[in-house]
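Let me begin by presenting the structure, written as structure tokens, before commenting on it.
The values are calculated or read from the model by the stated rules, or taken from the named source; none is laboratory data. Owing to the predicted nature of the structure, the values given are computational and were not obtained by experimental measurement. Cβ placement follows ideal geometry from the backbone for every residue including glycine, while neighbour counts extend to all protein chains displayed. The area values use the complete protein model at the heavy-atom level, side chains included, leaving out ligands, DNA and RNA. Shrake-Rupley method; radii C 1.70, N 1.55, O 1.52, S 1.80 Å.
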Amino acid sequence: MFSPFAVFLPITLLDFVLFILPMIIMGVVSVLVIKEFNVTTTLTADNYLFFLTNPLYLKVLGKSVVMALATTLICIALSFPFAAFLVRLPRAIQRTMLVLIILPFWTSYLLRVYAWMTILGERGLINRGLMNLGVVDAPIRILLYNDYSVILVAVYLYIPYSALALYTNLERLDPSLIRAAMDLGARPTQVLIHVLLPLMLPGMFASFIFVFIPMLGEYVTPTIIGGAHGLMIVNVIVSQIQALRFGIGSAMVFVLVGLILLLVLGLRKVARLEKIYGI
């Protein structure tokens, strides 16, 4: 007899092979003494201590968290007025705008990142335009290979996720609640702070998760756009793996995963994200 749970078997196996099994292996490796390819069964916490007591690595981790947080807040700040404008449009126009929002996903992620090299580079669109206008005599070099350029490109990459999350939340809001608050004498600022923002918390938390977590694990954008001055914690992890320091690299991964899990659990305690989808 066919079981309805059988339909979940392929995706469960795929998830186990591509995610759970590698995480189990890395968890085991993180507590073993490993020298290059010489694996021993000796358990140790030195890999974690090496990372957690290294000021340089902790500084990179802190910088990565700050950059991910800044990217998230900028995405939410830009997406909120856009989502509020979008829900006021006729349904047909909304569908067209939603297609335009997801349109960048039809292009390769790597290609979209490299496109910014032609915009921010020394011979890029901005520098050429400023030099042709006579604003500057030499290319501006601070546009690329720094933390700010990484945040700029990351906002471009992740703002569709934030916009869709906030739009989904706003679309399900009852406009009569806002009208009732205004009828009772609330000023627009009071309506925004005491009515709209509390109702938008689930969408904001969802947007936070959709942007903050991927940004914290970002590798391609810091490598290409940030260069040596815009590296994030995942770049350091990859360098450890490439140097055959598998134990330290695995320990760094689990510390990062632990931070993300604490964040998700904290957000789930503050707001139920499933409210966005009406579950």
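Note on the chain: dipole from Cβ charges, positive end direction compared against ILE119, LEU61, VAL99; the farthest Cα belongs to VAL99.
Here segment 117-184 and segment 191-232 have alpha carbon centers that stand 13 Å from each other. With every protein chain in place and a 1.4 angstrom probe, the accessible-area ranking of MET182, MET117, MET67, largest first, reads MET182, MET117, MET67.
Taken along the Cα-to-beta-carbon direction at a fixed 7 Å, the label points for VAL66 and ILE102 span 3.7 nm. The overall shape of segment 113-174, judged from the alpha-carbon gyration tensor, is prolate: a/c is not under 1.5, and a/b is greater than b/c.
Based on the Kirkwood approach, the hydrodynamic radius assigned to the chain is 22.0 Å, with every pair of different Cα atoms included. Protein heavy-atom accessible surface, 1.4 Å probe, per residue over the chain: 60 Å². For the pair VAL238 and PHE5, the difference between a 0.36 nm per residue extended length and the Cα-Cα distance amounts to 80.1 nm. Rounded to whole Å, the principal axis extents of the Cα atoms in segment 18-75 read 46, 31, 16, largest first. Within segment 93-122, which residues have the backbone N less than 17 Å from the label spot 7 Å out from VAL136 along Cα→beta-carbon, could you tell me? Taking a point 7 Å out along Cα→Cβ of VAL136, the residues of segment 93-122 whose backbone N falls under 17 Å are 116-122. Available extension along the chain between SER176 and ILE193 is 4.5 nm, counting 0.36 nm per residue and deducting the alpha carbon span. Classify segment 1-155: rounded, prolate or oblate, from the alpha-carbon gyration tensor (a ≥ b ≥ c, eigenvalue square roots; a/c under 1.5 rounded; otherwise prolate if a/b is larger than b/c)? Note, shape of segment 1-155 comes out oblate. How large is the accessible surface of ARG187 in square angstrom, using a 1.4 angstrom probe and rounding to the nearest 10? Roll a 1.4 Å probe over it and ARG187 shows about 150 Å². Taking all protein chains as they are arranged and a probe of 1.4 Å, the heavy atoms of TYR109 leave approximately 70 Å² accessible to solvent. Per residue, the average separation of C-alpha pairs within less than 8 Å and at least 6 apart gives the chain a relative contact order of 29 percent. Surface composition of segment 42-110: carbon and sulfur atoms hold 76% of the protein heavy-atom accessible area at a 1.4 Å probe.
If you take all C-alpha pairs in segment 131-267, what percent of them are over 26 Å apart? Here the long-distance tail beyond 26 Å is 49 percent of all Cα pairs in segment 131-267. The label-point distance for LEU110 and ASP183, in a model that sets each label 7 Å from Cα toward Cβ, rounds to 5.8 nm. Each label was represented as a point 7 Å from its Cα along the Cα-to-Cβ direction; for ILE24 and THR118 these points are 4.6 nm apart.
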